[in-house]
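The values are calculated or read from the model by the stated rules, or taken from the named source; none is laboratory data. This one's a predicted model, so the numbers in the text were calculated from it and none came from an experiment. Note that each Cβ is placed from the backbone with ideal geometry, even for glycine, and that neighbours are counted across all protein chains shown.
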Amino acid sequence: MYDRRKGRPRQILVSLFCLCALAYFAYHAIVGKRGFEARSRLIERSRQLGPEIARLEAVRTRLEQEVRLLDAADPDIIEELAIELLGFARAGDRVVVLPETAKPAPGRLSPAR
C-alpha cells in the first residue's frame, strides 16, 4: 500500500519551492524595476516636473500664436519681425539704438513705428 512517510519529504519540498517562488515574486513586486517603489519614484518625479510642463505648455501656446500670425502672411507682422529680430530697416527709416538695459526681452514683439 501507500506509505505516508515516503510522501512527506516530497510534500515538504513542494511547499518549500512554492514558498520560495512566492517570496521571489513578492520581493520583485515591491523592490523590482517595475515594483511599488519604482512607481512611487515615478509619481514623485511627475510631481516635480509639473511646473516645468506648465511653463513649456505656455511657451508652446505663445509660439503657436506667433505661427498663426505668420501664417496670415500679414506684411506688417513680417516687417515687424524683420526689424526686431534681424535688425533690418528700410533706407529712409530712422534707427534709435537703446542702451543694453533698455532693450525689450528677446522674443517679445513690440509695435514698429
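Okay, here's what the table says:
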| quantity | calculated |
| --- | --- |
| Residues that are among the small types (Gly, Ala, Ser) and at pLDDT 95 or above, drawn from segment 16-37 | Ala21, Ala23 |
| Options Leu85, Leu81, Leu56, Leu69; residue that is more than 27 Å from Val97 (Cβ to Cβ), among the aliphatic types (A, V, I, L, M) and either under 27 Å from the mean Cα position of the chain (by Cα) or outside any loop (DSSP other than H, G, I, E, B) (or both) | Leu56 |
| Subset of segment 38-95 that is more than 30 Å from His28 (Cα to Cα) and of a type in the set (Val, Ile, Thr) - its residue that is modelled with the lowest pLDDT | Ile77 |
